[in-house]
Amino acid sequence: MRITSIAVFLILFISCKENKGITTINKEQSANKNIIKPEFQSIIDSSDVIGSILIYDLNQDVYYSNDFEWSNKGNLPASTFKIANSIIGLETGVIENDSVIFKWDGEKKWLKNWEQDLILRDAFQFSCVHCYQEVARKVGSKRMNDYVSKLNYGNLEIDATNIDKFWLEGASRISQMQQIDFLKRLYNFELPISKRTESIMRNIMLIEETDQYKLSGKSGLSNNNEAYNGWFVGFVEFKNDTYLFATNLEPKKELNFDSFIKKRLDLTLLCLRKLNVLK
């Protein structure tokens, strides 16, 4: 009887040791999925900006960044919300199809290319604020909240008083990690939306297509008392792999506005080249 008890104890002890070992390995594997890239930080430091560039290898399930703490910090989504806003507009019927025309009211706008009638793809690519404010007002705060929850998009504060600006100012927030999660579900056809909407989104998000890759995405810019925060989010598709990215940057005081606007895209592409993703 005593021998049996000792044997049972030894089996349980060994099992616990093995399980502990498995847990340790799993933790190490989980940690290895977040890889710090000092090269990304060097690129940022040399560019008069601060922030984080987050790149996700879809096939390997690995994240690369210079700053994972920043990558988990929430910021206003700004015009990156046009991805979700387009989806919601299409799903609710507020945007009938990709041929819909946003009529220019004849008034002077912040950007010259907004001063014309625009189809959906152009409104998205030109980041036409007043076009998407019109969409949001027609969707309304209740349906907008319902769909944002359904899409599991960030942490947004939406009501009737801010329905046409909640992504530009106020308490709404989304992190780079949340952006990647949303984009991954969009890319993998895992969002609860129609095939038609998925197809239209692929079309309007496409920025560049070559023999080697397809680059899709959306930029964003918020301004809180002259404190600018800039985004570039999206994915680059190759024959055998796809990389998703979410860049969030803020300018140093000496950096001029026009230069900052351009750096969101340029620095993201530089970091993709550092991973030998782009040549």
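The values are calculated or read from the model by the stated rules, or taken from the named source; none is laboratory data. Keep in mind the model is a prediction, meaning the values are calculated, not measured. All Cβ positions, glycine included, derive from the backbone under ideal geometry; neighbour counts span all protein chains shown.
Of the residues Val139, Val135, only one is surrounded by 19 or more Cβ atoms within 10 Å (Cβ to Cβ), β-branched (Val, Ile, Thr) and over 22 Å from Gly234 (Cβ atoms); which? Write out each step before concluding.
Numbers: Val135 fails: over 22 Å from Gly234 (Cβ atoms).
Being surrounded by 19 or more Cβ atoms within 10 Å (Cβ to Cβ), β-branched (Val, Ile, Thr) and over 22 Å from Gly234 (Cβ atoms) holds for just one of Val139, Val135, which is Val139.
Can you tell which of Thr197, Thr161 is in a loop (DSSP other than H, G, I, E, B) and among the hydroxyl-bearing types (Ser, Thr, Tyr)? Reasoning before the result, please.
On the way: Thr197 fails: in a loop (DSSP other than H, G, I, E, B).
So the residue among Thr197, Thr161 that is in a loop (DSSP other than H, G, I, E, B) and among the hydroxyl-bearing types (Ser, Thr, Tyr) is Thr161.
Look at Ser86 and say whether it is over 20 Å from Met144 (Cα atoms), of a type in the set (Gly, Ala, Ser) and not in a strand (DSSP E or B). It would help to see each step written out before you state the result.
On the way: over 20 Å from Met144 (Cα atoms): no; of a type in the set (Gly, Ala, Ser): yes; not in a strand (DSSP E or B): yes.
Answer is no for this residue.
Mind listing just one residue for me: the one in the range 213-256 that is of a type in the set (D, E, K, R) and either assigned to a loop (DSSP other than H, G, I, E, B) or under 16 Å from Asp57 (Cα atoms) (or both) and, of those, modelled with the lowest pLDDT?
We begin by selecting, within the range 213-256, every residue of a type in the set (D, E, K, R); these are 214, 218, 226, 237, 239, 241, 250, 252-254.
With either assigned to a loop (DSSP other than H, G, I, E, B) or under 16 Å from Asp57 (Cα atoms) (or both) added as a condition, the list becomes 214, 226, 237, 239, 241, 252-254.
Numbers: Lys214: 97, Glu226: 76, Glu237: 97, Lys239: 91, Asp241: 95, Lys252: 87, Lys253: 77, Glu254: 70.
Among residues in the range 213-256 that are of a type in the set (D, E, K, R) and either assigned to a loop (DSSP other than H, G, I, E, B) or under 16 Å from Asp57 (Cα atoms) (or both), the one modelled with the lowest pLDDT is Glu254.
Quick check on the range 90-111. Is at least one of its residues of a type in the set (Ser, Thr, Tyr), surrounded by fewer than 22 Cβ atoms within 10 Å (Cβ to Cβ) and under 24 Å from Gly230 (Cα atoms)? Before the answer, list the steps.
At the first step, the residues of the range 90-111 found to be of a type in the set (Ser, Thr, Tyr) are 92, 99.
From the residues that got through so far, the ones that are surrounded by fewer than 22 Cβ atoms within 10 Å (Cβ to Cβ) too are 92, 99.
Okay, now just the ones that are also under 24 Å from Gly230 (Cα atoms), so none.
No, the conditions are met nowhere in the range 90-111.
Go through the range 125-144 and give me each residue that's part of a helix (DSSP H, G or I) and either without any contact (Cβ under 8 Å) to a residue 12 or more places away in the chain or over 12 Å from Ala84 (Cβ atoms) (or both).
Passing the criteria: Gln125, Val129, His130, Cys131, Gln133, Glu134, Arg137, Lys138, Ser141, Lys142, Arg143.
Which residues, counting only those in the range 36-86, are aromatic (Phe, Trp, Tyr) and farther than 20 Å from Cys271 by Cα? Can you show your working first?
We begin by selecting, within the range 36-86, every residue aromatic (Phe, Trp, Tyr); these are 40, 56, 63-64, 68, 70, 81.
Across the range 36-86, the qualifying residue is only Phe81.
Please go through (1) assigned to a helix (DSSP H, G or I); (2) in contact (Cβ under 8 Å) with a residue 24 or more places away in the chain; (3) of a type in the set (Asp, Glu) for Glu169 and return the number of the only condition it doesn't satisfy.
Here Glu169 meets the rest and fails (1).
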